[in-house]
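Okay, so here's the structure we're looking at.
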């Protein structure tokens, strides 16, 4: 065997492999830059307010401004009485706490109606409870959830909000406000000094009315490190917190 030639072939192969891997890394990095930016992209006056108030943005700031329904209308379906700890799984399926969505669907898809329409919301989950949001047009409806209760590494019960979408297919759509604009408003007028922003996410949010018919609007969800959540209506720019859901301030007239 010509070892010198074989060595040259191996070196060239490794060089080509490095080029391919380098290109893939560059592509992934470029896609990341295109889909999210950091706090330095905020207006100068907003960065100044951040400095004065000691506010930090640790979250990536999304750049997408898609067209979404101005108002999502849906009907809450009746759900089984679940009590304080949800609907007990009896018998309990062979589940575990760490799993993929495919595994979850296999284990609980036949038990929890429409489970495939929900997606994990890891950042809203808490000790003993995993949270999944109902999806619409690939965007989460923050107020419609499945909560999975677990203990001793097993899912033991669940609580579910189920809905029927009533929004017609020709409902008016509008391009949403940029996340940077929502953040600028929060930082200048709403966030307390010393706040740290952990999550910025686009979806639908609205008040839960004492009625079968519910309303939800495109909203930027901003989660602080202390657990407080602000919602900025991505059409009108109105702001509401979880503590103010009942006021209806986040739903445009």
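Here is how the numbers come out for the structure above:
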read-out	value
Segments classed as helices (runs of 4 or more DSSP H), wholly inside the range 1-112, with at least 3 members that are surrounded by 10 or more Cβ atoms within 10 Å (Cβ to Cβ) and at pLDDT below 65	3-35
Any hit, the range 159-182, residues being modelled with pLDDT of 85 or more, over 16 Å from residue 72 (Cα atoms), in a helix (DSSP H, G or I) and in contact with a helix residue (DSSP H, G or I) (Cβ under 8 Å, 6 or more places away or on another chain)	yes
Identity of the residue in the range 124-134, within 10 Å of the chain's Cα centre (by Cα) and in a strand (DSSP E or B), that ends up surrounded by the fewest Cβ atoms within 10 Å (Cβ to Cβ)	133
Residue within the range 118-127 that is under 18 Å from residue 206 (Cα atoms) and at pLDDT 85 or above present	yes
Yes/no for residue 152 being surrounded by fewer than 22 Cβ atoms within 10 Å (Cβ to Cβ), touching a residue at least 60 places away in the same chain (Cβ under 8 Å) and not assigned by TED's automatic domain parsing to the domain that holds residue 65	no
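The values are calculated or read from the model by the stated rules, or taken from the named source; none is laboratory data. Note that the structure is a prediction, hence the values are computed from the model and not measured. Cβ atoms come from the backbone with ideal geometry, glycine included; neighbour counts cover every protein chain shown.
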